[in-house]
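Read-outs throughout are calculated quantities, based only on the coordinates presented, and are distinct from any laboratory measurement. Quick caveat, the model's predicted, so the values are computed rather than measured. So basically every Cβ, Gly included, is an ideal-geometry build from the backbone, and we count neighbours across all protein chains shown.
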Amino acid sequence: MFRSGLLVMIITMVSRVLGLVRATIIAYYFGASGATDAYFSAFKISNFFRQLLGEGALGSSFIPLYNEKIEIEGEEKGKEFIYSILNLIFVFSTIVTLLMIIFSQDIINLIVNGFPTETKILASQLLKIMSVYFIFISLSGMICAMLNNFKQFAIPASTSIFFNLAIILASMGFSKTFGISALAYGVVLGGAFQLLIVLPSFFKIVKGYSFKINWKDPYLKKIFILMCPMLVGIVARQVNTIVDQVFASYLQEGGVTALENATRLYLLPVGVFGVSISTVIFPVLSKAVARNDLKTAENNIVKGLNILLFLIIPSTAVLTFYSTDVIRLTLSYGKFGEEAVKVTSEALLYYSLGLYFYTAIYLMTRAFYSVKNSSYPVRFSIVSIIINIVLNFALIKPMAYRGLALSTSIASGVNFVLLVYVFRKKYMEFPLKRSLIFFGKVILTTAVALGTSYYVHNTIIKLVVFSAVYMVFWAKSLIKNKMEVF
């Protein structure tokens, strides 16, 4: 598991670094303006459905049911199940894409009504272009979930690299000709690349394809029964980000862009660490639960939470205490001015306060999925979105965009605490004492690293000193005990 997790982590790190390069290039060419607000809002909407399929509700439902099906009915029936699911995804995503194109202006008016008229018109035009992306990302996301179940992690993890490269090339090559629309075309091209890159590995495993949908397969009904509550939960989490956009559309021009850039930066450790660890642990958990091997399942959950503590706590320290330095280093070029630096760094600080919660929610949600219970994550996601909306109303006036970011952090914290409490009470009472002791050690070493690097003026040297001091404290234990440290 550790090797697979490390491989996924490295590939995801490359992808996220390219994501930062992409954000830097967009900031360089377009700054933080009404045009970038329009682009980010349209992309957020076209990307809204991505987690509902593929790696989201359908992907998470598919893995335990597919493993159960091949155990009972054999490999061939398992392949038929795969064909049916992918064919249904294609039909559904095509219908949704057409609806987004037809009703693009209505969708924009609903989500970002606070924008000026010209910004809403531009956002509608960009949404029409990017709607096609949904078809590509739905199919590739589901195939990635399937490949992960076959212990192929590298190719699925690398798909985002090609997505980022497509947008980077579109920005650099066509921004003068197409303006902000170049980014929209880059999104569509990137989505196509993401699908094309996983197809060879997929066909190597299934060795053929059928365009039939077996409506009589009882597992088709099972997957939708299992998926529906997951779907509600994922929609709730996605709505949280949309809610922030609704409120941000009434703030200053560039506010949506600031929140989006801050989100991209705090999602760097979420994607590299949280998603990677959860992706690798989920199939292990599902198989352990299927064998009724609860001790292995408990051990993997605790190990996952501790690995996230080890990686996320220092990341939180960097993104909160050094938020302005990080923004200057990554985004402060070209048309990205001093006011944009200030707004984005403050949003990043408040988002980063909930960083551990964001990452650990991925793991705990999949722990529930492994025991085929998706109702509790749904309930807690709904609680989270209600808290986020209430806090947005309460904090937007005194704190503006800072309040929107802080609301998201607090809501995520409540979600995580509820997930852990109920899972331990209902399923596996995994030992929290082990994690609390480990948390104390991580906090101590992070504080030492922070104190050592705080007064270094050069940002790059500051980050290098922080990382070096932190790792020196842990190096002996990691070398001697390897994964037993966690």
Among 135, 284, 215, whose Cα projects farthest towards the positive end of the dipole of the chain, with charges put on the beta-carbon of Lys, Arg (+1) and Asp, Glu (-1)? 284
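Starting from the Cα-Cα distance between residue 472 and residue 250, subtract it from 0.36 nm times their residue separation and give me the gain in nm to one decimal.
75.2 nm
Suppose only helical runs count, i.e. DSSP H with n ≥ 4. What mean residue ellipticity at 222 nm does that imply for the chain under -39500 (n - 2.57) per run, divided by all residues and rounded to the nearest 500 deg cm²/dmol?
Working: 20 runs with 401 residues, N = 486.
Dividing the helical sum by the residues of the chain leaves -28500 deg cm²/dmol.
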Straight-line reach from residue 335: which aspartates and glutamates have Cα under 20 Å away, leaving out those fewer than 8 places along the same chain? 37, 253, 260, 325, 346
Amide H neighbours of residue 32 under 5 Å, at least 5 residues apart or on other chains, H built in the peptide plane: list them. 337
Starting from the Cα of residue 292, step 7 Å along the direction of its Cβ; do the same at residue 425; then give the gap between the two resulting points in nm. 2.6
Correct choice for volume of the Cα convex hull per residue in Å³ that was computed from the model, options (i) 152; (ii) 140; (iii) 166: (ii)
Once fully extended, how much extra length lies between residue 456 and residue 105, figured as 0.36 nm per residue of separation less the alpha-carbon to alpha-carbon distance? 121.4 nm
Which whole-Hz ³J(HN,Hα) couplings does region 33-44 yield from phi under the Karplus relation 6.51 cos²θ - 1.76 cosθ + 1.60, θ = phi - 60°, glycine and proline marked x? 9, x, 5, 5, 4, 5, 5, 5, 5, 5, 5, 4
Restricting to Cα pairs under 8 Å and 6 or more apart, the percent relative contact order of region 2-430 works out to 24
How big is the dipole moment of region 2-430 about its Cα centre under a simple scheme where the beta carbon of each Lys and Arg is +1, that of each Asp and Glu is -1, and everything else is neutral? Debye, nearest 20, please. 780
Modelled FRET efficiency - R0 30 Å, residue 73 with residue 98, Cβ distances, 0.05 increments: 0.25
Please compute the length gained on full extension between residue 177 and residue 333, using 0.36 nm multiplied by the number of residues separating them and subtracting their Cα-Cα distance. 54.1 nm
For a Förster distance of 22 Å, can you work out the FRET efficiency between the beta-carbons of residue 342 and residue 441, rounded to the nearest 0.05? 0.05
Run through region 202-280 and list the chymotrypsin sites (Phe, Trp or Tyr not before Pro) located in a DSSP loop whose Cβ has at most 14 other Cβ atoms within 10 Å. 209, 211, 215, 250
Please list, by residue number, everything in region 154-168 whose backbone N is under 20 Å from a paramagnetic label point 7 Å out along Cα→Cβ of residue 7. 154-162
Taking +1 at the Cβ of each Lys and Arg and -1 at the Cβ of each Asp and Glu, which of 171, 348, 87 sits farthest along the dipole of region 2-430 towards its positive end, judged by Cα position relative to the Cα centre? 87
So, in nm, how far is label residue 210 from label residue 113 when the simple model puts each one 7 Å beyond its Cα toward the Cβ? 4.9
What does a probe at residue 21 reach in region 320-359, counting residues whose amide N is under 18 Å from the point 7 Å along Cα→Cβ? 329-334
What are the ³J(HN,Hα) couplings of region 439-445, residue after residue, when phi is run through the Karplus curve with 6.51, -1.76, 1.60 and θ = phi - 60°? Round to Hz, x for glycine and proline. 4, x, 5, 5, 4, 4, 5
In the structure displayed, which of 287/426; 207/295; 128/397; 342/397; 69/207; 204/287 lie more than 30 Å apart, Cα to Cα? 207/295; 128/397
